[in-house]
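**Student:** First the structure, which I've put down as structure tokens, then a few questions once you've had a look.
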Amino acid sequence: MESIQFNEDGLIWHCRVAALLLQKLPRNPHTKHHVRGAIREASVSIRGKHRRLPEGVEFFSATARDMLARGEISGLVREHVVPVSIINEKVIALVKPTEKDIIEIVRNWTIMAAITQEEHDLLRQKSCMTKCH
């Protein structure tokens, strides 16, 4: 039970940091960089950053599910279903963000999946191809 409270504390504190940055500092690339980091940390805090798979994961690729059925967790990766960049955009779009507003967005949009390392690498490759070209 303590780990759940710890994760809740992580969510609250990271969202508090993001809110303070957005309330007190000008919105520039540097501020947005730190907000993005706080949002990433908040999103993994609520799903259990250091928990063993499959805890904190709502969805599984077919290959990941097969591996788990065989008791294999090595080679599995947690992946955000909704990219953190999208969650971050929702936070940045808030006009007068409060800690509670940011917590609500992070809670509602953080969905984790378990995929294989190969699937993870393929996603990263496709993401880079989309962003880089």
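Just so it is clear, none of the values below were taken in a lab; they were calculated from the coordinates. In this text the structure is predicted, and so the values were computed from the model without any measurement. Here the Cβ is made from the backbone with ideal geometry for all residues, glycine too, and neighbour counts use every protein chain on show.
**Student:** Does anyone have the angle between helix 29-45 and the longest principal axis of the chain? Alpha-carbon axes, 0 to 90°, nearest 10?
**Tutor:** 50
**Student:** Right, next: What full-extension length gain, to one decimal in nm, is calculated for ARG70 and ARG27 as 0.36 nm per residue of separation minus the Cα-Cα distance?
**Tutor:** Stretched out fully, the ARG70 to ARG27 stretch lengthens by 10.6 nm.
**Student:** Could you grab the relative contact order for the chain? Cα pairs under 8 Å, six or more apart, rounded to a whole percent.
**Tutor:** 32
**Student:** Pick out, in residue order, every one of the trypsin sites (Lys or Arg not before Pro) in segment 19-76 that is DSSP loop and has at most 11 other C-beta atoms within 10 Å; say none if there are none.
**Tutor:** Within segment 19-76, the qualifying trypsin sites (Lys or Arg not before Pro) (loop, at most 11 other Cβ atoms within 10 Å) are ARG27, ARG52, ARG70.
**Student:** When the scattering of segment 1-95 is computed by the Debye formula from its Cα atoms alone, each counted once and equally, what is log10 I(q)/I(0) at q = 0.15, 0.19 Å⁻¹?
**Tutor:** -0.67, -0.91
**Student:** Right, next: Taking segment 44-94, which GluC sites (Glu not before Pro) meet the DSSP loop condition and have no more than 16 other C-beta atoms within 10 Å?
**Tutor:** GLU55, GLU58, GLU72
**Student:** Take the chain, connect every pair of alpha-carbon atoms lying under 10 Å apart with a spring to form a Gaussian network, then pick out the residue of ILE86, ILE103, ILE46 with the largest mean-square fluctuation.
**Tutor:** For the chain, modelled as a Gaussian network with Cα springs under 10 Å, the answer is ILE86.
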